[in-house]
Amino acid sequence: MTTDKTMTADEVVARLRSGMTIAIGGWASRRKPMALVRAVLRSELRDLTIVTHGGPDLGLLCAAGQVRRAVYAFVSLDSLPLEPHFRAARQSGAIEDEPYDEGLFHLALQAAAWRVPFLPSRVGLGSDLLRDNPRLTTFASPVGSPEPLVAVPAFTLDAALCHLNRADRRGNAVYLGPDLYWDDLMLQAAPTGGRFISCERLVDTADLAAEGCLHQMRISRMMVDGVVEAPGGAHFTLCEPDYPRDEAVQRAYAASAKSPEAWASFRAEWIDIPEGEYQRKVRA
């Protein structure tokens with residue numbers, strides 16, 4: 001069994017292919033695996049389906065023309081309610097749309113993690129989700145009274161990308177903030193060979209217990225195929241307690257949706273540069 005799963009971000013992207021369905025962890029503009037997303041942006045990958053609680057991860061990939069389909073419960077920048085690049089792509093019809101609410105999104109991930117085809121729910125009954133998402137169907141309960149239920153199909157993933165606060169070389173990882181954001185389910189839902197995490201710092205396995213409480217050690221080596229040490233790897237999103245959201249860069253990112261020229265300028269300054277130079281800019 002491989003005990004050292006460390007990789008670079010570019011080595012992770014080399015494992016991905018155009019047309020894949022990729023889950024991206026985090027939540028809105030919080031603990032997004034931005035170093036991995038930037039590596040995807042610098043690649044030739046296209047025609048991607050992105051499954052995410054969307055934030056700048058989805059918006060950046062939409063702006064770069066790499067997204068075919070967006071699967072999401074919401075898309076937001078937190079301190080800025082609307083994600084402008086996603087909004088532009090959605091309104092123009094540049095991407096296909098598969099909306100859920102948070103409950104249904106959770107169940108679709110759980111079904112995939114459990115390797116079952118669907119899970120039942122009352123969530124969504126009477127809502128426009130059944131109109132707007134043709135993958136959602138109703139059925140009569142086979143147990144008890146035949147009440148109508150929603151059949152929530154499992155997501156079919158090819159890969160998952162997540163960012164954690166600390167990890168060891170084998171893929172055990174801990175989050176130190178207040179919420180795991182379903183990263184564990186995304187990693188469990190993805191197939192072996194397609195499960196990758198970045199982390200703020202690699203530590204010895206014995207030190208993981210000192211970094212977080214037991215309930216925060218929800219990522220095990222059995223769920224991870226590659227680990228990237230990426231200090232500041234969630235920038236410009238929030239990665240508490242390591243650092244806050246960089247609101248100045250986020251505002252510059254949001255403003256880049258105003259014109260193709262603004263996007264090209266932001267991309268040249270913050271995306272199309274070596275990762276080491278990016279981190280030096282952040283530290284400065």
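Points to keep in mind about this one:
- With every protein chain in place, the range 59-165: carbon and sulfur % of accessible area (1.4 Å): 56
- Karplus-derived 3J(HN,Hα), 6.51/-1.76/1.60, for each residue of the range 45-55, Hz, glycine and proline x: 5, 9, 6, 8, 9, 10, 10, 6, 7, x, x
- 1.4 Å probe accessible area per residue over the chain, in Å²: 43
- Rolling a 1.4 angstrom probe over the range 205-265 with all protein chains present gives an accessible area of which 59% lies on carbon and sulfur atoms.
- Expressed to the nearest 5 percent, the antiparallel share of DSSP beta bridges inside the range 1-140 is 5 percent.
- Placed amide H near Arg218: partners under 5 Å, 5+ positions off or other chain: Tyr175
- Arg15 sits with roughly 120 Å² accessible to a 1.4 Å probe, with DNA, RNA and ligands left out of the calculation.
- Bridge orientation summary for the chain: considering DSSP beta bridges with both residues in this region, about 30 percent are antiparallel.
- Normalised by 2.2 N^0.38 Å, where N is the number of residues, the alpha-carbon radius of gyration of the chain equals 0.99.
- The alpha-carbon of Lys5 sits under 18 angstrom from the alpha-carbons of these aspartates and glutamates, leaving out residues fewer than 8 places away in its chain: Asp168, Asp184, Glu200, Asp204, Asp207, Asp225, Glu229.
- Among Lys5, Lys32, the sequence by solvent-accessible area, most first, with a 1.4 Å probe is Lys5, Lys32.
- Accessible area per residue (1.4 Å probe, heavy atoms of protein chains only) ranks Tyr100, Tyr243 as Tyr243, Tyr100, with the largest value leading.
- Once you divide the Cα radius of gyration of the range 1-112 by 2.2 N^0.38 Å, the number left is 1.07.
- Which of His53, Leu125, Gly103, positive extreme of dipole for the range 1-154 (C-beta unit charges): His53
- Computed about its Cα centre, the charge dipole of the range 120-200 is approximately 180 debye, with only Lys, Arg, Asp and Glu carrying charge at their Cβ.
- GNM top mover of Val228, Val67, Val203 - the chain, alpha-carbon springs below 10 Å: Val203
- Here the Karplus relation 6.51 cos²θ - 1.76 cosθ + 1.60, evaluated at θ = phi - 60°, turns the backbone of the range 223-237 into coupling constants of 9, 9, 10, x, 10, 10, 7, 9, x, x, x, 9, 4, 9, 7 Hz, with x for every Gly and Pro.
- Fluctuation leader among Glu229, Glu200, Glu247 - the chain, Gaussian network, Cα springs under 10 angstrom: Glu247
- In Å, descending, principal axis extents of the Cα set of the range 176-264: 47, 29, 20
- In summary, the lysines within cross-link reach of Lys32, defined as a Cα separation below 19 angstrom excluding same-chain residues under 8 places away, comprise Lys281.
- Selection of trypsin sites (Lys or Arg not before Pro), the range 93-131, meeting DSSP coil and at most 15 other Cβ within 10 Å: Arg115, Arg122
- Nonlocal amide H pairs with Met20, under 5 Å, H built at 1.01 Å: Thr49
- Mean separation of Cα pairs under 8 Å and 6 or more residues apart, divided by the residue count, gives the chain a relative contact order of 20 percent.
The values are calculated or read from the model by the stated rules, or taken from the named source; none is laboratory data. Because the structure is a prediction, the values reported are computed rather than measured. Counting neighbours? That spans all protein chains shown, and the Cβs are built from the backbone with ideal geometry, glycine included. Just so you know, the surface numbers come from the protein's heavy atoms only, side chains and all, with ligands and any DNA or RNA stripped out. Shrake-Rupley method; radii C 1.70, N 1.55, O 1.52, S 1.80 Å.
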